1. Please give me the summed charge of the neighbours of A119: other residues whose Cβ is under 13 Å from its Cβ, Lys and Arg +1, Asp and Glu -1.
2. If you count only protein heavy atoms with a 1.4 Å probe, what accessible area per residue comes out for the chain, rounded to a whole Å²?
3. So how strong a dipole does the stretch 55-122 carry about its Cα centre when Lys and Arg Cβ are +1 and Asp and Glu Cβ are -1, to the nearest 20 debye?
4. Which residues in the stretch 73-110 place their backbone N less than 16 Å from a point set 7 Å from the Cα of V35 along the Cα-to-Cβ direction?
5. Starting from the Kirkwood Rh over alpha-carbon pairs, what translational D in µm² s⁻¹ does the stretch 38-122 have by Stokes-Einstein at 4 °C and 1.567 mPa s?
6. For the chain, what is the relative contact order in percent, using Cα pairs closer than 8 Å and at least 6 residues apart in sequence?
7. What does the charge add up to near I58, with Lys and Arg as +1, Asp and Glu as -1, over the other residues with Cβ less than 14 Å from its Cβ?
8. Report, in deg cm²/dmol and to the nearest 500, the calculated mean residue ellipticity at 222 nm for the chain, where each DSSP H run with n ≥ 4 adds -39500 (n - 2.57) and the sum is divided by the residue count.
Amino acid sequence: MLVEDAMSSHLIWKLHLEHALAGAEPLNPGLTSTVARDVDQCSLGRWIADKAPRYEGIAEFDALMLAHAEFHAEAAAVLEKIEAGDACGARVLMGGPFQAASRRIINALYGMKKREAEAAPA
């Protein structure tokens, strides 16, 4: 998976949760707060785990790993609200911490993309 694919995968996952909360599509029945906490359950998490031996210790990659873990914690919090029937509380979290964590992932992925471009032979 390329950085662009990782970015797309993250955005699709995020949009699914946003659309489900808005009632535009049903929430994937397998997507629970417990599952959301597991950073290795999504495509981006598997990509990070696969790349860790190569990139760990590189600032951009470490920022991505941290942002990804924070995003999963925030997604789990949103899903806990949904599971408890608190759609309003879920929306508040979606517009605040969840959105901020998502932005950090995108920024970290852009950092990875920039680093890869700079390291590529001319």
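1. Values: positive: R54, K113, K114, R115; negative: E60, E116, E118.
Result for the local shell: +1.
2. Values: 6660 Å² over 122 residues.
The answer is 55 Å² per residue.
3. Numbers: 7 positive and 10 negative charges, 59 e Å.
Its charge dipole is roughly 280 debye.
4. 73, 75-84
5. Values: Rh = 13.8 Å.
Translational D for this selection: 94 µm²/s.
6. Details: 106 pairs, mean separation 38.1, N = 122.
So the answer I get is 31 percent.
7. Details: positive: K51, R54, K113, K114, R115; negative: E56, E60, D62, E116, E118.
Taking every Cβ under 14 Å from that of I58, the sum is 0.
8. Working: 6 runs with 91 residues, N = 122.
After summing the helix terms and dividing by residue count, I get -24500 deg cm²/dmol.
The values are calculated or read from the model by the stated rules, or taken from the named source; none is laboratory data. Just so it is clear, the model here is predicted, and its values are computed rather than measured. Neighbour counts are summed over all protein chains in view; Cβ atoms, including those assigned to glycine, are modelled from backbone coordinates with ideal geometry. Ligands, DNA and RNA are excluded from the accessible area calculation, which covers all protein heavy atoms including side chains. Shrake-Rupley method; radii C 1.70, N 1.55, O 1.52, S 1.80 Å.
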